[in-house]
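First the structure, in the form of structure tokens, and then the observations on it.
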There are 2 protein chains.
Amino acid sequence: MLRGLATHPAARGLADDAAVLEVGGEALVLTHDTLVEGVHFRLGQDPADIAWKLVAVNLSDLAAKGAEPLGVLLGHALGDGDDRFIAGLREVLERYEVPLLGGDTVKADGPRSWSLTAIGRATHIPVPSRSGARPGDRIYMTGALGEAMHAFDAGPDASLSVTKAYRRPEPRLQEGQALAPHVTAMMDISDGLLLDAWRMAEASGVSFALDHSRFPFRTGAIMADWQRAVRWGDDYELLFTLPAGIELPYHSTWIGTVEPAGTSPLILDGQPLSKADNLGYEHK
Amino acid sequence: MLRGLATHPAARGLADDAAVLEVGGEALVLTHDTLVEGVHFRLGQDPADIAWKLVAVNLSDLAAKGAEPLGVLLGHALGDGDDRFIAGLREVLERYEVPLLGGDTVKADGPRSWSLTAIGRATHIPVPSRSGARPGDRIYMTGALGEAMHAFDAGPDASLSVTKAYRRPEPRLQEGQALAPHVTAMMDISDGLLLDAWRMAEASGVSFALDHSRFPFRTGAIMADWQRAVRWGDDYELLFTLPAGIELPYHSTWIGTVEPAGTSPLILDGQPLSKADNLGYEHK
């Protein structure tokens with residue numbers, strides 16, 4: 001929907017990506033994400049997990065900008081399990097030392113939804129964007145692929161240690177801040193590696209050539225199902241590009257190379273992909 | 001619900017009131033409001049009006065802080081009438097010269113809801129709060145009371161000129177900025193004059209003595225129904241307190257006087273009120 005406003009001069013940056021706002025010599029980073037019952041999490045899921053995830057997905061967008069969080073504002077739909085929601089909210093805010101600045105509460109029928117705005121301060125200017133990847137850059141990602149999918153597949157009754165990657169994802173805040181001065185482009189892969197790599201390549205006006213044999217899968221089960229894992233999403237890892245020869249401040253995995261714009265923004269194992277290949281999680 | 005976090009050190013300011021955040025020598029003001037179909041507006045209302053109101057109610061919170069808007073982030077529930085929503089959003093953003101910085105879209109069943117975060121820059125520090133009213137100050141408000149109620153009562157089919165105050169309220173941004181250097185306390189009266197006056201008095205640790213014969217009603221119809229009008233809300237006027245002897249930069253109406261804390265935070269025509277008197281629109 002927001003794309004309908006893209007031609008409007010008031011719309012400087014839209015949807016999906018975090019907004020950057022310069023104020024008083026600082027660059028602020030703002031993100032807004034909504035979670036809906038039955039869409040973004042299971043019906044009946046522990047509200048503490050929902051609170052955690054709501055904060056974590058927004059902090060992940062800050063991480064991709066190399067920003068440190070300054071606070072969050074919560075739009076809370078009142079209902080059953082509010083005590084558990086508060087418990088999870090406390091946990092995640094304490095874990096990342098983020099203040100709850102404010103927000104509002106509403107009461108409504110139907111599926112509940114929660115929205116959160118996170119505000120952060122960029123630690124490096126220029127703030128990393130999706131559009132800076134250049135031909136010749138190497139493509140990297142932090143962490144591993146498919147962890148959230150694996151955790152989800154374990155079912156709602158599995159232990160927290162098994163389901164943590166789905167229920168309590170950890171935004172890569174430190175990694176994002178350490179990487180920000182070096183990267184040519186950065187974003188998280190919350191909608192799936194392929195879809196987000198496509199978006200970054202498109203925004204940068206280049207092609208990304210990915211080699212699946214380099215992908216960092218941690219479990220054997222996922223290796224067998226890698227085509228699904230690279231589309232599943234919910235891995236809050238960072239995807240970024242670097243000129244060759246730069247030493248990485250964090251362990252990350254080299255998964256491909258940036259090429260001049262070709263037949264498709266995304267080439268996997270030498271084959272150009274198209275949007276028809278169901279690349280990942282589409283919000284619209 | 002958010003009150004459950006009030007004892008938490010991470011929770012600096014909660015719900016209802018805008019948050020103030022100091023960054024790079026500037027004071028940022030952040031607000032978050034959600035509108036729900038059937039709760040905050042009529043089913044079947046023109047989505048262009050919903051978009052307008054969503055932005056206006058948040059800008060009104062910035063106005064009460066003397067802030068100038070820097071931008072908004074939108075959480076948009078996709079559905080019927082999106083074209084009209086976009087049209088209304090364009091109108092209100094153009095009217096107040098506010099950029100749409102970003103946001104997200106979701107698809108869900110049930111009543112739709114929209115959330116908006118507005119961010120502004122305070123034009124005067126210290127930023128006006130609700131807690132600074134002192135005994136001896138005079139209590140003022142901008143504009144008139146009951147306009148939105150009158151517009152609502154006209155019904156959904158009345159012309160825009162009659163229903164404008166309900167459908168397209170105008171935040172008092174200029175007034176808020178002009179008043180900010182002078183006031184001891186300021187807030188908007190979106191939840192009704194009585195309830196919001198109660199809140200300001202309580203936050204300031206004083207009593208507000210209001211005199212209904214001073215209240216600025218513009219229409220005869222409302223005069224007869226003034227007890228309802230002072231509770232109805234949706235008037236996006238500013239309530240503020242000033243030490244006696246300060247010249248007003250805007251025409252406003254003197255409606256009462258701040259007294260030392262008494263039996264109740266709110267005294268109307270000499271009678272102490274209680275929460276049981278249904279003072280206004282409660283969100284929780």
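Which of rounded, prolate or oblate describes region A:103-145 when judged by the alpha-carbon gyration tensor and an a/c cut-off of 1.5? It comes out prolate by the Cα gyration axes. Database remark: amide H of residue A:238 closer than 5 angstrom to the amide H of A:142 (H placed geometrically; neighbours at sequence offset of 5 or more, or on other chains; Pro and chain starts carry no H).
Helical content of the protein assembly as shown, expressed as a calculated mean residue ellipticity at 222 nm, amounts to -8000 deg cm²/dmol (DSSP H runs of 4 or more residues, -39,500 (n - 2.57) each, divided by residue number, nearest 500).
Couplings 3J(HN,Hα) of region A:200-211, computed from phi: 5, 5, 4, 5, 8, x, 9, 10, 9, 9, 9, 10 Hz, in residue order, whole Hz [Karplus 6.51 cos²θ - 1.76 cosθ + 1.60, θ = phi - 60°; x for Gly and Pro]. Distance distribution note for region A:40-141: the fraction of Cα pairs above 22 angstrom is 39%. For residue B:104, the residues whose modelled amide H falls within less than 5 Å of its own, excluding neighbours fewer than 5 places apart on the same chain, are B:74, B:75, B:76. A simple rule links phi to the HN-Hα coupling: the Karplus curve 6.51 cos²θ - 1.76 cosθ + 1.60 with θ = phi - 60°, which for region A:232-247 gives 6, x, 6, 8, 8, 9, 9, 9, 8, 10, 9, x, 4, x, 8, 7 Hz, with x for Gly and Pro.
Bridgeable aspartates and glutamates around residue B:164 (alpha carbons under 16 Å apart, same-chain partners fewer than 8 residues away excluded): B:46, B:49, B:91, B:147, B:153, B:234, B:235, B:237. Bin width 5 Å, alpha-carbon pairs only: give the P(r) of region A:36-96 as whole percents, running from 0 to the bin holding the largest distance. That works out to 4, 17, 28, 25, 15, 8, 3, 0, in percent per bin. Ordered from longest to shortest, the equivalent ellipsoid semi-axes for region B:92-192 are 29, 22, 14 Å, each the square root of 5 times a Cα gyration tensor eigenvalue. In this entry, region B:159-284 is assigned a mean projected area of 8.7 nm², taken as a quarter of its C-alpha convex hull surface. Taking A:146, A:205, A:176 in turn, the Gaussian network model of chain A (Cα-Cα springs below 10 Å) assigns the largest fluctuation to A:205.
The 3J(HN,Hα) values that the Karplus relation (6.51, -1.76, 1.60; θ = phi - 60°) gives for region A:68-76 are, in residue order, 9, x, 9, x, 9, 10, 10, x, 10 Hz. Gly and Pro appear as x. Please grab the % of Cα pairs in the protein assembly as shown that end up more than 33 Å from each other. Of the Cα pairs, 45 percent sit more than 33 Å apart.
Accessible surface for residue A:60 stands near 0 Å², nearest 10, in the context of the full protein assembly shown (1.4 Å probe). Loop-resident trypsin sites (Lys or Arg not before Pro) (DSSP state other than H, G, I, E or B) in region A:180-283 with no more than 16 further Cβ atoms inside 10 Å of their Cβ: A:218.
In loop segments of region B:25-85 as defined by DSSP, the trypsin sites (Lys or Arg not before Pro) with at most 16 further C-beta atoms inside 10 Å of their C-beta are B:42. With bins 5 Å wide beginning at 0, the percent of Cα pairs of chain B falling in each bin runs 1, 6, 12, 17, 18, 18, 14, 9, 4, 1, 0, 0. For residue A:223 and residue A:174, a Förster radius of 30 Å and the Cβ-Cβ distance give a FRET efficiency of 0.60, rounded to the nearest 0.05.
The values are calculated or read from the model by the stated rules, or taken from the named source; none is laboratory data. No experiment lies behind these values; they were computed from the predicted model shown. Heads up, the Cβs are rebuilt from the backbone with ideal geometry, glycines too, and the neighbour counts pull from every protein chain shown. Each accessible area value is taken on the protein alone, full model and side chains, heavy atoms only, with ligands, DNA and RNA left out. Shrake-Rupley method; radii C 1.70, N 1.55, O 1.52, S 1.80 Å.
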